[in-house]
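The values are calculated or read from the model by the stated rules, or taken from the named source; none is laboratory data. Predicted model only: the values in this text are computed from it and were never measured. We place every Cβ from the backbone using ideal geometry, glycine too, and count neighbours over all the protein chains shown. For the accessible areas, the whole protein counts, side chains as well, though only heavy atoms, and no ligand, DNA or RNA atoms are used. Shrake-Rupley method; radii C 1.70, N 1.55, O 1.52, S 1.80 Å.
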Amino acid sequence: MSDDLDEIKIEDLPQTEDSAEASAENADAVSSMSEEPETNEAQADEETEQEEHNEQPEPAAEQPAPTEETSSETHSEKPTEAAKPEPTKKPEPVKKPEAEKPAEKPADKPADGSKPADKPADGKPKKPSKADKKEASAKKKQKAKLKKEWEDSIVASKRVKREEIRRKVKRATVVLLVFALVVTSVVYVMLLFMQENNVRITASNRGQDASIALSMDNKMWTPYLNASGPSDIWNVSYSPEYNMEKIDTVDDVRNMLNAASVSVGEKNGQNFIRFVFMVKNSGKYDSNLSYEMTLEYDKHGLQNSVRVMWGESYKSDELAEDAVNTTVDVYAARSNNPRLAGTNINIGNSAEDGYLEYVAYPSQSNDEAYLLTDFESTFDNPAVYDKAVENGYFATQPFLNDNFVFQRHSVLPVGEIMYCYVCIWVEGSDFDCKDTALGGYVKMGINFVAY
C-alpha cells in the first residue's frame, strides 16, 4: 500500500467541474493537433493504463456512492482514516500554443487629468471613498473658480473698452455741439452773403409797460423773425441801363408803403434779398422805439459795393406834426476811390473821410478813363438830370460806422403798426464791385427795442 501511495502524483487530484471542462477542451485541442508525433500518443496510452492499475485500491468495507461532483471517469475508492490517499488526476494533454492577442487599448483618462479608477476583478465599479469624493469636489470647485475668474476678466475687458468708446463719443459730441452752437449763433443772428443769406430780426422790451411784436403775415406775432434770402447774391443794378434783374425804385417803395393795404412777407429776387415786415406796439402805453441795423464784414471788401434800401411807414396820424409817415433811403459804405473826388455830392470831402457813393453809375463809367465830373456837367439840361436820377445817379446815405448801417429813434403809439421794407443787393456798377470781392461776406441784423 505504501508503495502504491508513493507512485501517486500530485496531479492526480479529484477533478472539479472547471477542471473537467478544461480537460474536455484540452482533449479537443489535442485531437485537432495534427502536428504531434504518433510516439507521444502511444506513450500517453501506456501511462494512462499504468495509472488506472495503480488507482485500484484495496477492498474496503463499504463502497461510497458516487456524488454529483465526481467525474464520469473511474476514481479510487475512499481510503481508510489512517492513511487517506488523494485521488489521482488524469494528466492534462499538451496545449497548443495560443496566438498572441492584440494589446488592449488603454482606458481613456478622465478629462480632469486624474488617474482612472482601478476596476475590481469582478468587473463592478469600485465605490469612491469619502476622501475621493472630497478631492473630486475640491477639484470641481477650483475649476469653477478658474472659469469664473476667466469670465470676469473678459467682462472687465469689455467694460473698459465700452468706457473708452463712451468717453470718446461724449468728447466728440461736446465738440460738435459747441461747434454747431457757434455756427448756428452766427448764421441765426446775422445775414451772411454768398453763404447763408438771411436776416435775423429781434424785438425786446426794457420796461414792464412796453411791449412790441413782429410779424410777416399779420397773423402770428412773435419777438423774432427770420427773413431768408436766395442762395447767391451777385451783380445786379438799380439802373435799368444794364438790363439786369430789376430793383424796386425809391418811388416804387414809397407808393407801396403808402397804399391802403401793404403786402408783407418775403419778396426775394433771384440775386437780391427783399422782404416787408411789421412792428406793432402791443403794450398799454405809447412806447419809445429804438431800432438799428448791425453790420459785419470780412477783408474781401464786399461791403463797399453793397446797397441797403430801407423804407418805413406808419398808418397813424397821432404822431407829431413834423413827423413824416413814409421814408425811403438807400445806404452804402463810404469809398476812397479817387474817381469820386470833385463830384457834386463830395465837394469838400477827402479820401481820408471817405467819399459818398451814388446808388448806381452810368454805363459809360465802366471805362476807368471816364470822368464823373464830365457827366455831371451835362446836368444843366433838366431832362438829362432827371434821366440820371431815374437811373440811380443820386446820393446814398453813408453807413453809420463799421458796425452799424443806421440807428434810428421813433415813437410808436398804442396799437400802432410800422411797416418796414428791406432790400439788399450788390451794385454791379459800383467801382469796388470786382472779382476780388468774390467769396466775401456781409452780415446784417435788425434789432428793435421798446422803452
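Using the Cα centre of the range 295-451 as the reference point, and only Cβ charges (+1 on K/R, -1 on D/E), how large is the resulting charge dipole? Debye, rounded to the nearest 20.
400
For an R0 of 22 angstrom, estimate the FRET efficiency from the Cβ-Cβ distance between ASN325 and TYR224 and round to the nearest 0.05.
Efficiency computed from Cβ-Cβ geometry: 0.25.
Want the number for ILE347 to THR202: 0.36 nm per residue separation, take away the alpha-carbon distance, what's left?
48.3 nm
When the solvent-accessible surface of protein heavy atoms is calculated with a 1.4 angstrom probe, in what order do ASP329, ASP402 fall, highest first?
These residues rank, largest area first, as ASP402, ASP329.
Probe of 1.4 angstrom, ligands and nucleic acids ignored: what's the accessible area per residue over the range 189-278, in square angstrom?
Result: 50 Å² per residue.
In square angstrom, rounded to the nearest 10, how much accessible surface does MET220 have for a 1.4 Å probe?
130
DSSP loop (so not H, G, I, E, B), at most 10 other Cβ within 10 Å: list which trypsin sites (Lys or Arg not before Pro) in the range 213-274 pass both filters.
Numbers: sites: LYS219, LYS246, ARG254, LYS267, ARG274; in loops: LYS219, LYS246, LYS267.
For trypsin sites (Lys or Arg not before Pro) across the range 213-274 that sit outside H, G, I, E and B with at most 10 neighbouring Cβ atoms in 10 Å, the list reads LYS219.
Given the Cα-Cα distance of ASP380 and LEU177 and 0.36 nm per residue of separation, how much length would full extension add, in nm?
Values: separation 203, 0.36 × 203 = 73.08 nm, distance 6.33 nm.
Here the segment from ASP380 to LEU177 would lengthen by 66.7 nm.
Could you calculate the contour length gain from SER261 to ASP298, that is, 0.36 nm times the residue separation minus the distance between their Cα atoms, to one decimal place in nm? Intermediate values should be presented prior to the final figure.
Numbers: separation 37, 0.36 × 37 = 13.32 nm, distance 3.94 nm.
Additional length available on full extension: 9.4 nm.
In terms of solvent-accessible area of protein heavy atoms at a 1.4 angstrom probe, what is the ranking of TRP150, TRP425, highest value first?
TRP150, TRP425
Computing the accessible area with a 1.4 Å probe over protein heavy atoms, can you report the carbon and sulfur percentage for the range 207-349?
44
Kirkwood hydrodynamic radius, computed over distinct alpha-carbon pairs, for the range 312-428: how many Å, to one decimal?
The answer is 16.8 Å.
Could you compute how fast the range 382-451 diffuses translationally, taking Rh as the Kirkwood radius over C-alpha pairs and applying Stokes-Einstein at 20 °C with viscosity 1.002 mPa s? Give it in µm² per second.
131
Please list THR343, THR249, THR373 in order of solvent-accessible area, largest first, computed with a 1.4 Å probe with all protein chains present. Don't jump to the answer; show the numbers that get you there.
Details: THR343 0, THR249 35, THR373 60 Å².
These residues rank, largest area first, as THR373, THR249, THR343.
Round to the nearest 0.05 the FRET efficiency obtained for LYS387 and ARG408 when R0 = 30 Å and r is the Cβ-Cβ distance.
Working: r = 32 Å, r/R0 = 1.06.
So, using R0 = 30 Å, E works out to roughly 0.40.
Please give me the summed charge of the neighbours of CYS423: other residues whose Cβ is under 14 Å from its Cβ, Lys and Arg +1, Asp and Glu -1.
Within the 14 Å Cβ shell, the charges total -3.
Please compute the modelled spin-label separation between THR436 and LYS315, points set 7 Å along Cα→Cβ, answer in nm with one decimal.
4.9
Along the Cα→Cβ direction, 7 angstrom out, place labels at LYS133 and SER290. What is the inter-label distance in nm?
9.7
Within the set LYS246/LYS434; LYS267/LYS315; LYS148/LYS168; LYS267/LYS443; LYS219/LYS246, which residue pairs have Cα atoms separated by over 25 Å?
Among LYS246/LYS434; LYS267/LYS315; LYS148/LYS168; LYS267/LYS443; LYS219/LYS246, the Cα-Cα distance tops 25 Å for LYS148/LYS168; LYS219/LYS246.
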